[in-house]
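The structure under discussion appears below in the form of structure tokens.
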There are 2 protein chains.
Amino acid sequence: MSLLIVGSLAFDNIETPFGNSDDTLGGSATYVAISASYFSDDIKLVGVVGSDFGDDNIRLLQSKGIDTEGIQVIEGGKTFRWTGRYHYDMNTRDTLDTQLNVFAEFDPVIPHRYQQCKYVCLGNIDPILQRKVLEQISRPKLTICDTMNFWIEGKPDELKKTLELVDVLVINDSEARQLSGDPNLVKSARIIRGMGPKILIIKKGEHGALLFTENGIFAAPAYPLESIFDPTGAGDTFAGGFIGYIAKHDDISENTLRKAVLYGSTMASFCVEKFGPDRIQEISDLEIQDRFQSFLNLSRIED
Amino acid sequence: MSLLIVGSLAFDNIETPFGNSDDTLGGSATYVAISASYFSDDIKLVGVVGSDFGDDNIRLLQSKGIDTEGIQVIEGGKTFRWTGRYHYDMNTRDTLDTQLNVFAEFDPVIPHRYQQCKYVCLGNIDPILQRKVLEQISRPKLTICDTMNFWIEGKPDELKKTLELVDVLVINDSEARQLSGDPNLVKSARIIRGMGPKILIIKKGEHGALLFTENGIFAAPAYPLESIFDPTGAGDTFAGGFIGYIAKHDDISENTLRKAVLYGSTMASFCVEKFGPDRIQEISDLEIQDRFQSFLNLSRIED
């Protein structure tokens, strides 16, 4: 089923304890789309780049079967650029520099033939823009939304208006605590689901993820990696695997949502193995199936 | 099957954001034994108390079917006493006062009829004393051991000698990192299992627990509690449920170990609901089965 992805396209300069990577393809929409492309063959991407983005990167996305007609290229403009540094434990990072460039004026225009998409993924952008996207879509079956502390602190009222319109919110544990104002994640989930999204996923990094629905709670483990090379994009890669799996099966039953969380976790576990999107460009279907099976085995118990 | 538990018996003064509880029955052996008593009906307890411990507390343990002949009562002595305060997030605590009293001279003597026990649980005591216990046991089928940062820092060489003799080590994530010297838990597990214990359980509090064996890794979720009233003894209660379940079934296959981890988690989730051991004194078998089922449901996926 058709999947619309709206978010940022960027170049990242990444510093980790293992080395640096400059001018790396990044942005939330990039990671979501590449990850989802392993499941869905009808992905439409909306974002904005400068003329420095390059045909190579467009072709890379197209090679994954992604429809790039919705990418606006601003002639003479420069693509969004982020510079960050990870600490030794890889759980915390500092943003060293942000240059919004063409992204500062981003006004998402959804091409006419994208407006019937059944599944919509709103990457981490201004909640006002997220609503603007939804106003242009006719009747999506499921809308998934990401956000971050920047919007929770900076535009809480706008964010709440957007949350009333989405079905699934994907955030991390510190964002959930901040958005709800409660340190307990179970209470947080109840508060946030009361804001609109009936389905909530709280990502806990090396501790896995929690899925909250009307049917209860699902606890997904994290893949026990011996080393994390670069966490950049792992959260977006999770979202891409999650929504890509759902769009492929065109089903939002509890069991499909749970499997989608594990497929999202599977994709994220690959993402952190190399710099930027290097690893998620090159995974085989067999590798995905093998790792998904490893995830199942992590919590398998025979009665 | 027979289960020998050796550890501390204490009185605790506990301060939490929800209130205080003074002169509360505590100590590692207390929590382990009460928790294990829901599974095993052949539990033998070795510890030391002062004459202030009181017949009521002995009778409480006996009412759970626990053999208390191995509890040494030092006439005129005072029982070990611990005072601690939990912070708002309940994840960290300060020890305000420790009075070892009769525990300072504890020399565990295993009564003759305890020496054939098939299962042995060494609570968190001096690793030299843990070895002294093992020297008095003929041929246990499985030995499980707890320790803490105090011994990892203070007696690392003695601890390592003890670890060579035990089958199962149960520690929390920060202790695992400290003992191994590696921040990554998967690497930590490999290092620690190389020190002796072929089975390692790393408790992660609100993030569940990891079981490492020769067959792989099992990730147990934590029960998503809306509030934690008092975490005192939760780790020992986990160990008691784990070893009690194993002793009951007299089986150490992978699937039994995995179920034992979930039963340990089940018991610990009850423990934190009231002060000290108040809650784990009064659980019904039906409540235990219901919550165990909830744990299974937390990670259930249909293929």
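Observations
- When segment B:130-146 is filtered for residues that are hydroxyl-bearing (Ser, Thr, Tyr) and modelled with pLDDT of 95 or more, only B:THR143 remains.
- Cβ-Cβ under 7 Å pairs, at least 6 apart or on other chains, segment B:25-50 side farther than 20 Å from B:PHE11 by Cα, far side among the charged types (D, E, K, R) and not in a helix (DSSP H, G or I): B:SER37/B:LYS64; B:ILE43/B:ASP67; B:LYS44/B:ASP67
- Within segment A:135-164, being of a type outside the set (A, V, I, L, M, F, W, C) and surrounded by 19 or more Cβ atoms within 10 Å (Cβ to Cβ) holds for A:PRO140, A:THR143, A:ASP146, A:THR147, A:THR162.
- Among the residues of segment A:165-202, just one is crowded, with 18+ Cβ neighbours inside 10 Å, within 13 Å of chain B (Cβ to nearest Cβ) and part of a loop (DSSP other than H, G, I, E, B), namely A:ASN184.
- Output for segment A:237-265, where each listed residue is more than 14 Å from A:TYR38 (Cα to Cα) and in contact (Cβ under 8 Å) with a residue 60 or more places away in the chain: A:ASP250, A:ILE252, A:VAL261
- Single unsatisfied condition, A:LEU61 versus (1) closer than 15 Å to A:PRO277 by Cβ; (2) in contact (Cβ under 8 Å) with a residue 60 or more places away in the chain; (3) of a type in the set (A, V, I, L, M): (2)
- Here B:ILE199 fulfils each of the conditions (1) closer than 27 Å to A:ILE217 by Cβ; (2) in contact with a Leu (Cβ under 9 Å, 6 or more places away or on another chain) apart from (1).
The values are calculated or read from the model by the stated rules, or taken from the named source; none is laboratory data. No experiment lies behind these values; they were computed from the predicted model shown. FYI the Cβ positions are ideal-geometry reconstructions off the backbone, even for glycines, and counts take in every protein chain you see.
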